[in-house]
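Novice: Before anything else, here's the structure in question.
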Amino acid sequence: MCLLHGTECELQKPNMTENGLGNRVLNMDTMNPNVKRVEYAVRGPIVQRALQIEKELKEGVEKPFTEVIKANIGDAHAMGQKPITFLRQVVALCAYPDLLEDDKFPEDAKNRARRILQACGGGSIGAYSASPGIEIIRQDVAKYIEKRDGGIPSNPDSIYLSTGASDAIVTMLKLLTSGEGKNRTGVMISIPQYPLYSAALAELAAVQISYYLDEDKCWSLDVNELRRAVKAAREHCNPRALCIINPGNPTGQVQSRQCIEDVIRFAAEEHLFLMADEVYQDNVYAEGCQFHSFKKVLFEMGPEYSSVVELVSFHSTSKCFMGECGFRGGYMEVVNMDPEVKLQLTKLVSVRLCPPIPGQALLDLVVNPPQPDEPSYATFIKERTANLDILAEKAKMTEQVLNTVPGIHCNPVQGAMYTFPRLSLPEKAINAAKEKGQAPDMFYCMKLLEETGICLVPGSGFGQRDGTYHFRMTILPATEKLKVVLEKIREFHKRFTEEFS
Amino acid sequence: MENLIASSGEAKRLNSRMANRHSHRHQNRVAVRAHHVQTGMWLAQALEPNRSRSVPSPHNNSWEPQGVRKPYMDVIDVSWGDPHGGGVKPLTFVRQVLAACIYPELVESDKLPVDVKQRAQSLLSACDGGSVGSYTLSGGISYIQCSVSNFISRRDGGVPSSPENIFMTSGSQRSLMLVLKLLVHNQASLPAGVLTAVPTYSSFKMMLQRLGAAVVPYYLDEEQGWAMEVEELRRALQASKGVCNTVALYVINPGNPTGHVQSRKCIEKVIRFAAEERLFLMADEVYQESVFGEGSEFVSYKKVLSEMGPPLSHTVELASFHSASKGFMGECGLRGGYVELVNLDPAIMKYAYTIFSTDICAPVTGQLALELMANPPRPGDPSYPVYTQETQSIRAMLVHNMNWVPEFLNNIPGISCQPMMGGAFVFPRLYLPQAAIEKAKVVGMQPDLWYCKRLLEEAGVCVGPGCEYGQKEGTHHIRLCVMTPVETMEEVLKRLKNFHLHFLKEFS
């Protein structure tokens, strides 16, 4: 019985257990071995268990809680954040242009929609676009970048729209990966990191070069650590790229300008391609913190660096104030890329045909929002400010509450959407986890899920220093719910510590 | 200072090795789309010196010139399978539901039919937080996985389909890539190989190249309407031994670019062959809705497999691909595709789930499009009359073009065209004068590519050159999309005929 449809969903008969699995053409021996090493914790085993529990709740199974709270993924709308009105109006107009006659839609929304539709084949968002994206949208993105970076020029031809930032990140890693054995491409990535990077590197069989962020200094980046990591890596691979996520995921740190300069200098010295993941660029909360784009800093360092350092920056419609994850909108800007390679990149992106047009349209509105003299401006600013202000409050609240729990230490959530607190786990608990064959923080998170319905992702999914344990929790649940979640974590941690003391 | 990336990824020249075995020259070319968009854009720029870039006019895929004098008013592009780009209109029901899902205030509107509002409400309640801006589960929204599996089951006369075996992605191209990622295991001595038809659209071959896998070409029989022969599959597989480890057989039915629709008998033979030779079957069925040829009928690989009974029905591993980009909907830009995985090892399914999850999820607008494709309006629904009228109109256009275009082409001296049974394209053969072939050599281009360039420049018509898809050595073809409004098609063929006759004269 298909619960969702209330109709008979014919389930396939069990079709293989009796017939000899080893006979399959595609089996564990023949499958691409690189796939075996791919893990993506954000959608990993704990999330699958959470889904199972949700099913059980629907079926009426008794639990100590009535709902599963998914604080595992950076999805604002899923947690109740409302879409920005203007963005949705324009995309709806693009989807069903008859609405252009409807006087319930403001004129500025209609103008944006008409402009986008004119740039679509056949005037429809159902037509393919050019593979790097719709031309006028790439131009708008370039203008946005120029404005953001105080006038530093941005060339639309260097902008590639993508299916979320993930698509662009994986494409670049593919482009960068080559060589065999000791000459195999090595890519530097922070520990902790967003596990898309480790998954992509595993699948490409590139070498992951981990550099540790300093938890005691609010997850900041120390160039000496970069130096250590790259020196060690040169023994067994060919380091070619350095990935940095700013503002950070899962750590929430916002790098200082000085730090960014240091990283750029380091990349220049070590001849590394810089990959700057800046999808949380509007999510900056802490006093004294500011987002500095890698490109801006690079150009302000003068031609010695700006004409030489190869850089790609990524952005997306999934985060910031709009949180439109489901639209899969994003872009990358490449700087100082070899023209021959750029040709190859253009060819590489053409394999996936084009990014979804609704996502491209949405991106256009993010980079080309209502202006002060336009009818939708007031509402737009109000909604945007409200979303960002609420996030800032929740970031502060989360840090404060978690830091009152003995055994949990939480760095300030300077930006992004997550907290990555450190857990003190009793020795007994660590042993119990080992017996189960689980990482101790997975053991902790699983127990938390079973007892409270709160789904977090264990720190082991993101990487952490040996012997330390963390979890990543989003700050996205609605404020009242977040308060409850934080309380439940406090109570759980106390129980857990007592149980395993 | 030397740039960091001097060459792209891991493209190995295995394809050349395979190709040389069959005297089939392979060139590392830019994809059809990129090339033609660039050529088209280059031309459009020449036509409009006063504008920085041209934009297509809203009503068909043509650019309006202002500058240089040409013997035509606009450029018409039928090189790509892009119905809306070519002027076909979206289905009203689909767009109304989509708009209401994107801007839920419309659900209160009295301007939308009741069934549209109800559908939007059901779909929104299946989205986390009631928003299409949320991520979904990696296989797709469960409600929609169910809709799709019910659709498959109905289509296949009751053959069971399980929602857990359905993965939605950004277009079927993404599903193809992810399945290939599971399959392609390149060993030091021997790369993986995939049996691929000649001709086949170029994006698939680029995907194989990108993964370092080899294309194992099998030739479709032009004289038999581009039919697939198992003996040819056998020959191709035999030839691949020692060159690569052939693991899969990729079939497109209805064919792209050929327009051939496989008979049930042929499908059975192919399945048997795959079982005997232990090949993973990849059945690309995105054009399944466009089958109107006399005596032609689409039957899915899954249905035939199921009806062949055990042991084959329980053991042959099959991936079937479908999409909202083609058929009546033509919603290429929404990027909605899916793969149904049949008879896979459960251990592999776990990895399939992981691999699909690194994209996080398919675009929600694409998933919605798939739901609407799976569950169109039914008789009695308020939207049914308009829906029927619109789909009948598209059907009439396709039926007309399917019959008329091959006939018209066959009447042009120096062009022959196989009958079109289904799909979206015709792939007529050009009999080019030897002098023209020589001239192309001098210019350094494949003869049909050169022909297409001249056709674009002199007649303002953009078609796909046969060399992009593959063809028997010494033959030349072009590909045209016939999912195109009749008036546009007529104009295209008129210009093509004029151009071709002049071309023949020039090189006679």
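Novice: Please quote Rg/Rh for segment A:136-254 to two decimal places, taking the Kirkwood radius as Rh and restricting both calculations to Cα atoms.
Specialist: 1.02
Novice: Right, something else. Place a point 7 Å from the Cα of residue A:494 along the Cα-to-Cβ direction; which residues of segment A:395-434 have their backbone N under 13 Å from it?
Specialist: Label zone hits: A:404-407.
Novice: Once R0 is set to 30 Å, what does the formula 1/(1 + (r/R0)^6) return for the Cβ-Cβ distance between residue A:67 and residue A:214, expressed as a FRET efficiency to the nearest 0.05?
Specialist: It comes out at approximately 0.20.
Novice: Now, a different point. I need the Debye-formula profile for segment A:265-366: one equal scatterer per C-alpha, no solvent, reported as log10 I(q)/I(0) at q = 0.10, 0.14 1/Å, two decimals.
Specialist: -0.36, -0.69
Novice: Could you tell me which of A:44, A:119, A:60 has its Cα farthest along the dipole of segment A:41-198 towards the positive end, charges placed at Cβ (Lys, Arg +1; Asp, Glu -1), taken about the Cα centre?
Specialist: Positive-most Cα among the choices belongs to A:44.
Novice: To continue, here is another question. At residue B:235 and residue B:410, where each label point lies 7 Å from the Cα along Cα→Cβ, what is the point-to-point distance in nanometres?
Specialist: 2.5
Novice: So, in nm, how far is label residue A:480 from label residue A:29 when the simple model puts each one 7 Å beyond its Cα toward the Cβ?
Specialist: Calculated label separation equals 6.0 nm.
Novice: Arrange B:450, B:404 by Cβ neighbour counts within 10 Å, fewest through most, would you?
Specialist: Ascending Cβ contact count within 10 Å gives the list B:404, B:450.
Novice: Residue A:466 versus residue B:389, label points 7 Å from Cα toward the beta carbon: distance in nm?
Specialist: Calculated label separation equals 7.4 nm.
Novice: Counting only DSSP beta bridges with both residues in segment A:143-265, tell me the antiparallel percent, nearest 5. Spell out each step's value before the answer.
Specialist: On the way: 1 of 11 bridges.
Of all bridge pairs located within segment A:143-265, approximately 10 percent are antiparallel.
Novice: Taking the Cα atoms of segment A:62-212 alone, what are Rg (to one decimal) and Dmax (as a whole number) in Å?
Specialist: When restricted to Cα atoms, segment A:62-212 yields Rg and Dmax of 21.2, 65 Å.
Novice: In vacuum, with every alpha carbon of chain B counted as one equal point scatterer, what does the Debye formula give for log10 I(q)/I(0) at q = 0.11, 0.13 Å⁻¹? Two decimals, please.
Specialist: -1.00, -1.38
Novice: Now for a different question. Counting only DSSP beta bridges with both residues in chain A, what percent are antiparallel, rounded to the nearest 5? Please report the intermediate quantities before stating the final value.
Specialist: On the way: 22 of 43 bridges.
Just about 50 percent of them are antiparallel.
Novice: To continue, here is another question. Among B:360, B:224, B:253, which residue has its Cα positioned farthest towards the positive end of the charge dipole of chain B, with +1 placed on the Cβ of Lys and Arg, -1 on the Cβ of Asp and Glu, and the dipole taken about the Cα centre?
Specialist: Going by the charge dipole, the pick is B:224.
Novice: Among B:82, A:466, A:102, A:262, which comes first, then next, by fewest other beta-carbon atoms within 10 Å?
Specialist: A:466, A:102, A:262, B:82
Novice: Same structure, new question: Are any of the pairs A:182/B:205; A:296/B:181; B:265/B:350; A:342/B:181; A:347/B:494; A:143/B:111 more than 27 Å apart by Cα-Cα distance, and if so, which? Write out the running numbers ahead of the final one.
Specialist: Numbers: A:182/B:205 30 Å; A:296/B:181 37 Å; B:265/B:350 34 Å; A:342/B:181 24 Å; A:347/B:494 33 Å; A:143/B:111 38 Å.
Checking Cα-Cα distances, A:182/B:205; A:296/B:181; B:265/B:350; A:347/B:494; A:143/B:111 exceed 27 Å.
Novice: Can I ask one more? Taking the alpha-carbon set of segment B:202-300, what are its Rg and Dmax in Å?
Specialist: Expressed in Å, the Cα Rg and Dmax of segment B:202-300 come to 13.8, 43.
Novice: Ok, one more. Residue A:483: which aspartates and glutamates have alpha carbons under 12 Å from its alpha carbon, excluding same-chain residues fewer than 8 sequence positions away?
Specialist: Partners within reach: A:393, A:399.
Novice: I've got another one for you. Mind listing the Cα extents of segment A:179-336 along all three principal axes, in Å, largest one first?
Specialist: On the principal axes, segment A:179-336 reaches 44, 36, 35 Å in Cα extent.
Novice: Over all directions, how big on average is the projection of the convex hull of the alpha-carbon atoms in segment B:297-354, in square nanometres?
Specialist: Mean shadow area of the hull around the Cα atoms is 5.3 nm².
Novice: Also, I was wondering about something else. Please give the contour-minus-distance gain from residue A:342 to residue A:301: 0.36 nm per residue of separation, less the Cα-Cα distance, rounded to one decimal in nm.
Specialist: Between residue A:342 and residue A:301, full extension yields 12.3 nm more.
Novice: Which residues does the label zone of residue A:224 cover in segment A:460-495, counting backbone N under 20 Å from a point 7 Å along Cα→Cβ?
Specialist: Backbone N within reach: A:465-466.
Novice: Now, a different point. Tell me which residues come under 5 Å, amide H to amide H, from residue B:197 once H is placed; ignore anything under 5 positions away on its chain.
Specialist: For residue B:197, whose amide H was placed from the backbone, the distant partners under 5 Å are B:218.
Novice: Would you please calculate the Kirkwood hydrodynamic radius of the protein assembly as shown over all C-alpha pairs and express it in Å, rounded to one decimal?
Specialist: Across the protein assembly as shown, the inverse of the average 1/r is 29.5 Å.
Novice: Separate question: Under 14 Å between alpha carbons, and skipping anything fewer than 8 positions from residue A:217 in its own chain: which aspartates and glutamates qualify?
Specialist: Qualifying aspartates and glutamates at Cα under 14 Å: A:225.
Novice: Would you please give the FRET efficiency between residue A:147 and residue B:121, computed as 1/(1 + (r/R0)^6) with r the Cβ-Cβ distance and R0 = 35 Å, to the nearest 0.05?
Specialist: Once rounded, the FRET efficiency stands at 0.30.
Novice: Return the percentage of antiparallel bridges among DSSP beta bridges fully within chain B, rounded to the nearest 5 %.
Specialist: Taking every DSSP beta bridge within chain B, about 50 percent pair in antiparallel fashion.
Novice: Sticking with this structure for a sec: If you stretched the chain out fully between residue A:56 and residue A:104, how much longer would it get, using 0.36 nm times the residue separation minus the C-alpha to C-alpha distance?
Specialist: Length difference between fully extended and current span is 12.9 nm.
Novice: Under the Karplus relation 6.51 cos²θ - 1.76 cosθ + 1.60, θ = phi - 60°, what is the ordered set of whole-Hz ³J(HN,Hα) values for segment A:230-237, x standing for Gly and Pro?
Specialist: Computed from phi, the couplings for segment A:230-237 are 6, 4, 4, 5, 5, 5, 10, 7 Hz.
Novice: With n ≥ 4 as the cut-off for DSSP H runs, can you work out [θ] at 222 nm for chain A, using -39500 (n - 2.57) per run divided by the number of residues, rounded to the nearest 500?
Specialist: Calculated at 222 nm, the ellipticity per residue is -13000 deg cm²/dmol.
Novice: Report the dimensions of segment A:409-462 along its three principal axes from the alpha-carbon atoms, largest first, rounded to Å.
Specialist: 37, 23, 17
Novice: What order do you get for B:438, B:371 when you list them from fewest to most C-beta neighbours inside 10 Å? Please list the in-between numbers first.
Specialist: Values: B:438 13, B:371 26.
So the ranking, lowest neighbour count to highest, is B:438, B:371.
Novice: Now, a different point. Normalised by the empirical 2.2 N^0.38 Å for globular proteins, what value does the Cα Rg of chain A take?
Specialist: Taking the Cα Rg and dividing by 2.2 N^0.38 Å, one obtains 1.02.
Novice: Another question, then. Based on the Cβ-Cβ distance of residue A:257 and residue A:371, what FRET efficiency does E = 1/(1 + (r/R0)^6) give at R0 = 35 Å, to the nearest 0.05?
Specialist: After rounding, the FRET efficiency stands at 0.75.
Novice: With Rg and the Kirkwood Rh both taken from Cα atoms, where does Rg over Rh land for segment B:349-508?
Specialist: Using only Cα positions, Rg/Rh for segment B:349-508 is 1.12.
No value in this document is a laboratory result; all are computed from the given coordinates. The shown structure was predicted, so the numbers you read here are calculated from the model rather than taken from an experiment. Reconstructed Cβ throughout: ideal geometry from the backbone, glycine too, with neighbour counts over all protein chains shown.
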